[in-house]
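Accompanying notes for the structure given below.
Read-outs: derived from the displayed coordinates by stated rules, not from any lab. Note that the structure is a prediction, hence the values are computed from the model and not measured. Here the Cβ positions follow ideal geometry from the backbone for every residue, glycine too, while neighbour counts run over all protein chains shown.
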Amino acid sequence: MKRIFTILSLVLFTFNIYAQVPHLLSYQAIVRDADNNLITNLAVGMQISILYGNDETGTVVYSEVFTPTTNDNGMVSVEIGGEAGFTSIDWSDGPYFIKTEIDPGGNTNYTITGVSQLLTVPYALHAKTAETITTPIDGSETIIISGTDVIVNGIGTADSPYEIGVTPGAEIGEMRYWDGSNWVAVAPGESGTRLTFCNGVPTWGPCPGLATLNITYVSEVTQASAKIGVHIISDGGNEIAERGVVYDIYPNPTTDDSKVSFGNGLGFFEAEISGLTGGLMYYVRAYAITDEGIAYSDPEAFVAVELEFGSVIDSQGNEYKTVVIGNQEWFAENLRTAQYNNSDPIPNITGNSEWSALESGAYAVYNHDNIYMSAYGVMYNWYAVVDSRGICPAGWDVATDAQWTTLFDYVANSAEFAGATVGKALKSCRQINSPLGIECAVTDHPRWNSHTNVFGTDNYGFGGLPGGNRSADGAFYSLGSDAFWWSSTESDETTAWRRVMHLSQDVLNRSAVNKKQGFYVRCVRPAP
């Protein structure tokens, strides 16, 4: 079953006051499947619950079922609070959390999609439980909430319904904001002017002294890169010292995230961002720095192009994904055949001393546990790699040292990856606590162990995974932390060339090692 992801896009509390007080919580969510694709124009089953006390094991104080239909953008909208029990919630006694469960089939086979804390509560709902109420001579009631006067007029009957309001402003369109001590008025702005948050103060128009800018286009999007057009409209009366674009998989990136600088001054420029992962949604903003601070444009969102994979079947019937990288086509996963191309079996050697004594082809599964064979493939000694009977499917070869070098050079010199470290670009993104989230942040094998600042982005679909190795003495090492592959190229009588990735490094290293070791194999051929 695909897991459904929702992104909370807007929560508004709305209310109308009559003889009794109905309260509705307007809730919108964007629904995606496990591949991060929008689920559009589809009736889905949804259950919304309000939890008290804890985001995972909190007490359910209210629950309601809906069957909304997603729109063209994958969004659903519901109003929570139509069932009995909602108005009895004591919002002043939090914390409260909102839990969303969705069944894309429109039924009640829900997938838990997330729990978010309600950091604020409805004004009217909290007012309902306010402790201080005064009644002026005119019969209206004043409810005191956190030092703010809320005027309640009327006596709560059909003929005289409650009407709630705050102290009126001096002009139509006037707003107020809290400066930490007092409510401060913001005069109305000009028609069509945008409201900006400037150093804690809502301001009509751009922040004084900051640049004004926008993104004019996002174009030439690939699985690893995109071009961003930017227009710096105004410098705010200060010289622009730096300008460029910032981007991330999370909304509203800043200069602390991925950044491409592009000179200074006013006018148009085009920046290319790179190092993207195919299929993920990215958010990009233009920025300009003056002495007064950093100005950002509104964010633009786009999805990096999904990688296209081929497939091939080996002599034993195992199927593999393949991917074109430069002028070569590579297996996108490790070989796992247990027989040569002529159907002769490759011996599976379990004994350590027997493995150490071999000078003929053999294979092994990590810790002799077949669960790792499906996750990482099998390890071969070098004698199996070069056996004339062949282990790669017809038309494919175990990668030579020169073919590995061609791959390395292509990635290292690719404009799409901007010369970043090759290991990062070829590592699978599957990792414990991967910052890429979605399908990348996993705990089940295959995956990399957790690391605070090193993680794979798999920009080319190579999918490098840390299956560990079997040493020349037969012992197993490094599952989850190291990925080893043979080349078919001999270094000397006892050693051959290999490639290796490490958990703590964003590199793809080359070294010559004992032929009796057990490493994984990638098959390769010229690109079609």
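Below, the figures for the structure above:
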quantity: Pairs from K99/K321; K99/K227; K424/K515 whose Cα-Cα separation, in the structure shown, is over 30 Å; calculated: K99/K321; K99/K227
quantity: Euclidean distance of C-alpha centroids, region 464-493 and region 302-355, integer Å; calculated: 16
quantity: Gain on full stretching of the segment that runs from N327 to T350 - 0.36 nm per residue minus C-alpha separation; calculated: 4.4 nm
quantity: Zone residues, region 487-528, relative to T452, backbone N less than 20 Å from point 7 Å out along Cα-to-Cβ; calculated: 502-507
quantity: Packing-based exposure ordering (other Cβ within 10 Å, fewest first) of I294, I240, I313; calculated: I313, I294, I240
quantity: Ellipsoid semi-axes in whole angstrom, largest first, where each is sqrt(5λ) of the Cα gyration tensor of region 390-528; calculated: 24, 19, 14
quantity: Cα-based equivalent ellipsoid of region 264-415: semi-axis lengths in Å, sorted from largest, via gyration tensor; calculated: 47, 17, 15
quantity: Distance between modelled label sites at E242 and N199, nm, 7 Å Cα→Cβ extension; calculated: 2.0
quantity: Cβ-based net charge around V284, under 11 Å, with every Lys or Arg adding one and every Asp or Glu removing one; calculated: -1
quantity: Order by protection proxy (mean Cβ within 10 Å, highest first), peptides 173-181, 350-358; calculated: 350-358, 173-181
quantity: Radius of gyration, Dmax [region 284-339; alpha carbons; angstrom]; calculated: 22.1, 68
quantity: Neighbourhood charge, 15 Å Cβ-Cβ cut-off, centred on G58 and excluding it, Lys, Arg +1 and Asp, Glu -1; calculated: -4
quantity: Length gained when the stretch S491-K227 is fully extended (0.36 nm per residue, less Cα-Cα span); calculated: 90.7 nm
quantity: Contour excess over end-to-end distance, with Cα ends at A527 and S63 and 0.36 nm allotted per residue; calculated: 161.5 nm
